[in-house]
Amino acid sequence: MTARKKAFSGIQPTGKVHLGNLLGAIQNWVALQDAYDCTFCIVDWHAMTVDYDANELRSKVRDCAIALLASGVDPSRCTLFVQSEVPEHTELAWYLMTCAPVSRLELQAQYKDKSAQHADNLNAGLLTYPVLQAADILAHRADVVPVGEDQKQHLELARELARKFNLRFGQVFPEPETLLTPAKRIVGTDGKAKMSKSKDNTLDILATPDELWQRLRSAVTDEQRLRRADPGRPEVCNVFAWHQMLTDAPQVASVESGCRTAQIGCMDCKKILHQSLLRLLDPIRERAQALYAEPEKVDAILREGAAKARRSAKATLALAREKCGFGPAA
Ligand code: AQP
């Protein structure tokens, strides 16, 4: 029997898990669990690159784990762990750092965005973040990385670092491939930017039905549709884009024609979307509630996951260390 290919991906515990995370990445993680040997990581070291409250981090990590488990990440079919429990990731990041040209890091779009957003905290971690991300992936010698489109550039860097390391020291790492979902970039409630934990533009997957409705009702639609009687343009409306991902096809068609002919208004359209969202999120929220009642179970899952992840990363690091000339010769 041939070994299954390895998949690895991560999520930052920087805020509440949102629809962009779910449709852009987590649904893909869940779908890959049987075909791939999957490892999923809550990347708390990455969360340090911006200001954060250390007293809240542990509970944010647990919230994130609960959202993942409730969404279908299944610890009996994958490894789920917290990055800071596996120090080998930082050791590998150091080796990879020596392969990463500074000029290349400075060109990363996310670095440019984040350094503008956090001009008062321009730390070296922001610049070297994609190297630690490459180490996360390569420490488990992943073949594929299911992520949203915003991570594509970082993944190209991870491939390049794997290639450079292999050329310089000898073959250790596969070049990981990026796996995108059809919903590779979900736009936020502002109708403009990528839905993102660090922006106030999310639909959180564990929000109550009422909280979701409050977010939806103020979501930006076609800005040229000023009055109820104006015909709308679904092709420029972000709420319609969400319908295309969440609502069944006949209803999408009826929303589309209703909007174009002004038979329905934006609020009608949002009410239909609210129902579609609840169909997707109600079962996730219910499973999450059950997990919140058993925090020790969640902690045990993360503990077991960390033990498995440490074994995998240790094996890779033993090889990498030896190739780099450290430790006793094999
Ligand atoms: N809007 C999105 N559409 C599609 N995929 C997305 N992902 C994130 N946002 C979208 C994917 O989700 C995975 C986890 O990414 P993350 O933890 O970096 O998510 P975030 O919400 O983007 O996090 P932050 O903390 O708010 O960071 P910033 O503000 O820098 O984006 C990844 O696979 C990601 O592609």
First in the range 278-298 and assigned by TED's automatic domain parsing to the domain that holds Asp74, second anywhere and part of a helix (DSSP H, G or I) and aromatic (Phe, Trp, Tyr), Cβ under 9 Å, 6 or more apart:
Val298/Tyr292
Taking the conditions exactly as written (touching a helix residue (DSSP H, G or I) at 6+ places or on another chain (Cβ under 6 Å) and either more than 11 Å from the ligand (Cβ to nearest atom) or aromatic (Phe, Trp, Tyr) (or both)), does Leu167 satisfy them or not?
no
Could you check how many residues of the range 170-187 are more than 16 Å from the ligand (Cβ to nearest atom) and either open to solvent by 40 Å² or more (accessible area, probe 1.4 Å) or touching a helix residue (DSSP H, G or I) at 6+ places or on another chain (Cβ under 6 Å) (or both)?
5
Residue satisfying all of: in the range 137-150; within 12 Å of the ligand (Cβ to nearest atom) and assigned to a helix (DSSP H, G or I); surrounded by the fewest Cβ atoms within 10 Å (Cβ to Cβ) among these:
Glu149
Mind listing just one residue for me: the one in the range 2-29 that is open to solvent by less than 10 Å² (accessible area, probe 1.4 Å), small (Gly, Ala, Ser) and more than 20 Å from Thr202 (Cα to Cα) and, of those, farthest from the ligand (Cβ to nearest atom)?
Ala7
So, in the range 55-83, how many residues would count as being under 17 Å from the mean Cα position of the chain (by Cα) and assigned to a helix (DSSP H, G or I)?
12
I'm trying to understand the selection: among the residues of the range 188-206, which are open to solvent by 10 Å² or more (accessible area, probe 1.4 Å), under 19 Å from Ser71 (Cα atoms) and of a type outside the set (Ser, Thr, Tyr)?
Lys197, Asp204, Leu206
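The values are calculated or read from the model by the stated rules, or taken from the named source; none is laboratory data. Note that the structure is predicted; figures quoted are calculated from it, not measured. Counting neighbours? That spans all protein chains shown, and the Cβs are built from the backbone with ideal geometry, glycine included. These accessible areas exclude ligands, DNA and RNA; they are computed on the full protein's heavy atoms, side chains included. Shrake-Rupley method; radii C 1.70, N 1.55, O 1.52, S 1.80 Å.
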